[in-house]
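> My questions will all concern the structure given below.
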Amino acid sequence: MEHSPKLVSSEVAALWSAYMQNTMAYCIVQHFSKVNEDPDQMDIIQTALHDCQFVVSEVKQIFEKENHAIPIGFTQEDVILKAGRIYSDLFSLRYIKYMAAAGTAAAAALLEVLARQDVRQLFSKTSQRFMQLYNDSCDLLLKKGTFIRSPTIPPMVKAEYLQDESFLSGLMGRHRPLTVIELAHISKNTETNSIGRTFVAGFSQVAKSLEVRKYMERGTEIAAKHETVFRDILIKDGVPLPSSWDSTLSQSIDSPFSDKLMMFQACSLTALSVAGYGTAIGTSLRKDLAGHYSRLVAEVLQYGNDGTKLMIENRWLEQPPQNVDREALRNRNV
């Protein structure tokens, strides 16, 4: 007899999160498609739309099969296609590249906690689709000469073991040079803050709610400060700084997105920052870097927590599926 297991909590979590992220991304890329003036990137934009649609459709089918409520997510009510552009075409391409990379990593990581064949197949296909989208975006950025690369260092002359614990802190009162692993995380976290800063700067310009505009302005300041911290580390280490990310914004004050969507995107980027800092703490052996990351992650967590409260106050935060409250059932007649 064929075994037909029900969805387990980790599978529901993966599917629910994928639905939320991809309905949001679909709205954002719809706007990019509407205002795009670069014919070279139209195919990539259309592919991004199709990939988001694929994930949303597949998740919906699985939930319907299981009689599981379909999330609200984001709909055409959250995107105003007649609104003018906020961001440049180059920024939209970089956003697609960045989110494709995040989607690939998330789908691949989730496979470890998925058992059901149909769910595993969905996230395997999702990882493949987003990986292709990422590669296509990279190729176009390289073709245009606008791919932002990590810093370069001279080739290693000799492989050797560490001799003492000074590697963890410093050498004779100074910090030892950054390793390539530490450089990779600094570059990645600088990129996350750069794209986040540009995004929320645009949001602060067009959001309808004064509270949301102030929240986005605060996010812009935090991201800029964190970028400065990372760049100062590179400067002190004598590492050539990578080029800055494009941050061109129009003068439009007509928002193409709902405040709900903009807050969700800001909180999603905050979560990616926290994850990036956490990974960097675990792989950076220089103690001063751990100190920087610990301080910065605390600030990002507080910012994210304030954003969650703001979303709850405005009834914009959709409740994830949760376990049954047994105590409430027992006390229903009390």
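The values are calculated or read from the model by the stated rules, or taken from the named source; none is laboratory data. Just so it is clear, the model here is predicted, and its values are computed rather than measured. Cβ atoms come from the backbone with ideal geometry, glycine included; neighbour counts cover every protein chain shown. Protein only, heavy atoms only, side chains kept; ligands, DNA and RNA dropped before computing areas. Shrake-Rupley method; radii C 1.70, N 1.55, O 1.52, S 1.80 Å.
> For the stretch 94-206, please list each of the helices (runs of 4 or more DSSP H) lying entirely inside it that holds at least 2 residues being among the polar types (S, T, N, Q), closer than 22 Å to L249 by Cα and at pLDDT below 95.
The qualifying helices (runs of 4 or more DSSP H) are 180-206.
> What number of residues within the stretch 67-93 are touching a Cys at 6+ places or on another chain (Cβ under 9 Å), assigned to a helix (DSSP H, G or I) and either open to solvent by 30 Å² or more (accessible area, probe 1.4 Å) or among the polar types (S, T, N, Q) (or both)?
Initially, the stretch 67-93 is screened for residues touching a Cys at 6+ places or on another chain (Cβ under 9 Å), giving 74-76, 78-79.
In the following step, the residues that additionally are assigned to a helix (DSSP H, G or I) were identified as 76, 78.
Subset that is either open to solvent by 30 Å² or more (accessible area, probe 1.4 Å) or among the polar types (S, T, N, Q) (or both): 76.
Matching residues across the stretch 67-93 total 1.
> To continue, here is another question. Are any residues in the stretch 295-334 modelled with pLDDT under 95 and assigned to a helix (DSSP H, G or I), and if so, which ones?
R326, E327, A328, L329, R330
> Hey, another quick one. Among the residues of the stretch 207-216 satisfying the criterion of being buried (at least 16 other Cβ atoms within 10 Å of the Cβ) and either under 16 Å from the mean Cα position of the chain (by Cα) or free of Cβ contacts under 8 Å to residues at least 60 places away in the same chain (or both), which is farthest from D254 (Cα to Cα)?
Ranking the qualifying residues of the stretch 207-216, first place goes to M216.
> Within the stretch 125-165, restricting attention to residues that are open to solvent by less than 40 Å² (accessible area, probe 1.4 Å) and of a type outside the set (V, I, T), which residue is nearest to I181 (Cα to Cα)?
Among those that are open to solvent by less than 40 Å² (accessible area, probe 1.4 Å) and of a type outside the set (V, I, T), it is P151.
> Moving to a separate point now. Which residue is surrounded by the fewest Cβ atoms within 10 Å (Cβ to Cβ), if the candidates are limited to the stretch 51-66 and must be part of a helix (DSSP H, G or I) and in contact (Cβ under 8 Å) with a residue 60 or more places away in the chain?
Taking the stretch 51-66 and keeping what is part of a helix (DSSP H, G or I), we get 51-65.
Remaining after also requiring in contact (Cβ under 8 Å) with a residue 60 or more places away in the chain: 51, 54-55, 58-59, 62.
Working: D51: 23, F54: 15, V55: 25, E58: 21, V59: 26, I62: 18.
Going through the qualifying residues, I end up with F54.
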